[in-house]
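To start, the structure itself, in structure tokens.
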Amino acid sequence: SQQGEEDPQALSIQEGENATMNCSYKTSINNLQWYRQNSGRGLVHLILIRSNEREKHSGRLRVTLDTSKKSSSLLITASRAADTASYFCAAVYNFNKFYFGSGTKLNVKP
Amino acid sequence: GAGVSQTPSNKVTEKGKYVELRCDPISGHTALYWYRQSLGQGPEFLIYFQGTGAADDSGLPNDRFFAVRPEGSVSTLKIQRTERGDSAVYLCASSLSPVAKNIQYFGAGTRLSVL
């Protein structure tokens, strides 16, 4: 399987703390993307990092990519209760093949 | 519409029946994807359309599953002789281009329950 694998499966933190999620994949990618999914809803794109990039920021989000280890991490700083959701990484191959991980379920307690 | 629309939002059917799930992508998006998501899992790729043609259908689990996109816009996922194992949320996503900045925009999904 070329799916991304994520850890932890579940993460529970207090509001204001940082949340870190990790993703690993198996073969060379074009880019890696992170999506968020609220319960019963579709996925929403958060951030994309290309294979030649090492770090990217967007607001409270920071993504890193280590192609030598075939891994990525998503950091959410100063978390809020509204960040509670499931987060998925998607490893993108051939520019059109998306392989999603099994997700990290984040619970931010107010 | 403003986003990807999927209908119905819920579908309950009996084992052995035929179902159709519809996806209306964002206007102008040439790429359309179907995924299946089981509880606690990430979306699993089924099929990808570029325009009217299925560019990659390698994720369809067997020949009971079929999808069309006759005019390059709306797509229908068709499942014949449904089985209980087909129960899942079926997600549709569209993107402006499969290459340039290929961000996917997802619908809310159709929850299929096969009794």
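Each value in this text was obtained by applying a stated rule to the coordinates, not by laboratory testing. None of these values were measured; they are calculated from a predicted model. Using ideal geometry, Cβ is built from the backbone for each residue, glycine included, and neighbour counts are taken over all protein chains shown.
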Practice item. Determine the dipole magnitude for the protein assembly as shown: charges of +1 sit on the beta-carbon of Lys and Arg, -1 on that of Asp and Glu, nothing else is charged, the reference point is the Cα centre, and the result goes in debye to the nearest 20. Key: 140 debye
Study note, to complete from the structure: Cα-only Rg/Rh for segment A:5-109 with Kirkwood Rh rounds to 0.95
Exercise for review: Could you work out, residue by residue across A:98-105, how many beta carbons of other chains sit within 10 Å of that residue's beta carbon, and then give the average as an integer?
Suggested key: 4
Practice item. Per residue of B:105-115, count partner chain C-beta atoms within 10 Å of its C-beta, then hand back the mean as an integer. Key: 2
Revision key, fill the gap. Under a Gaussian network model of chain B whose springs join Cα atoms within less than 10 Å, the largest fluctuation of B:Leu60, B:Leu39, B:Leu91 belongs to B:Leu39
**Study point:** Cβ-placed point charges (K, R +1; D, E -1), dipole of chain A about Cα centre in debye, nearest 20
**Key:** 220 debye
Check your understanding: What nm distance separates the two modelled labels at B:Leu39 and B:Asp63, each placed 7 Å from Cα along Cα→Cβ?
Key -> 3.3 nm
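Across peptide B:22-32, how many C-beta atoms of other chains are within 10 Å of each residue C-beta, on average? Don't jump to the answer; show the numbers that get you there.
Working: counts 0, 0, 0, 0, 0, 0, 0, 0, 0, 2, 0.
Mean number of neighbouring Cβ atoms from other chains: 0.
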Revision key, fill the gap. PRE zone check, label point 7 Å out along Cα-to-Cβ of A:Arg41, amide N under 17 Å, scope segment B:1-37, hits B:2-6
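Determine, for A:Arg36, A:Arg62, A:Arg54, the number of other Cβ atoms within 10 Å of each Cβ, and report the residues in order from fewest to most. Please list the in-between numbers first.
Details: A:Arg36 20, A:Arg62 17, A:Arg54 11.
Lowest count first: A:Arg54, A:Arg62, A:Arg36.
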Practice item. Would you give the gap between the C-alpha center of segment A:5-80 and the C-alpha center of segment B:1-22, rounded to a whole Å? Key: 30 Å
**Study point:** B:Glu71 versus A:Ala78: modelled label distance in nm, points set 7 Å from Cα along the beta carbon direction
**Key:** 4.8 nm
Check your understanding: Suppose R0 equals 22 Å; then what is the FRET efficiency for A:Leu61 and B:Thr30 from their Cβ-Cβ distance, rounded to the nearest 0.05?
Key -> 0.20
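Charges at C-beta only: +1 for Lys and Arg, -1 for Asp and Glu. How large is the resulting dipole of segment B:5-101 about its Cα centre, in Debye rounded to 20? Show your work: numbers first, answer last.
On the way: 11 positive and 10 negative charges, 42 e Å.
So the dipole magnitude of segment B:5-101 works out to roughly 200 debye.
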Revision key, fill the gap. Over all pairs of different Cα atoms in segment B:5-101, the reciprocal of the mean inverse distance gives a Kirkwood radius in Å of 13.7 Å
Point to revise | Leading residue at positive end of dipole, segment B:5-101 (Cβ point charges), from B:Ser97, B:Phe65, B:Ile47 | key: B:Phe65
Revision key, fill the gap. So, over other residues within a Cβ distance under 13 Å of B:Gln80, counting Lys, Arg +1 and Asp, Glu -1, the net charge is +1
Study note, to complete from the structure: Sorted on mean Cβ neighbours within 10 Å (highest first), peptides B:48-59, A:92-103, B:10-21 come out as A:92-103, B:48-59, B:10-21
Review point. What ranking do B:Ile26, A:Ile76 get, fewest neighbouring Cβ atoms within 10 angstrom at the top?
Key: B:Ile26, A:Ile76
Review point. For A:Val108, what is the net charge nearby, where nearby means another residue's Cβ is under 14 Å from its Cβ and Lys, Arg count +1, Asp, Glu -1?
Key: +2
Practice item. Can you spot the aspartates and glutamates whose alpha carbon is less than 15 Å from A:Lys97's alpha carbon? Ignore those fewer than 8 places along the same chain. Key: B:Glu44, B:Asp56, B:Asp57
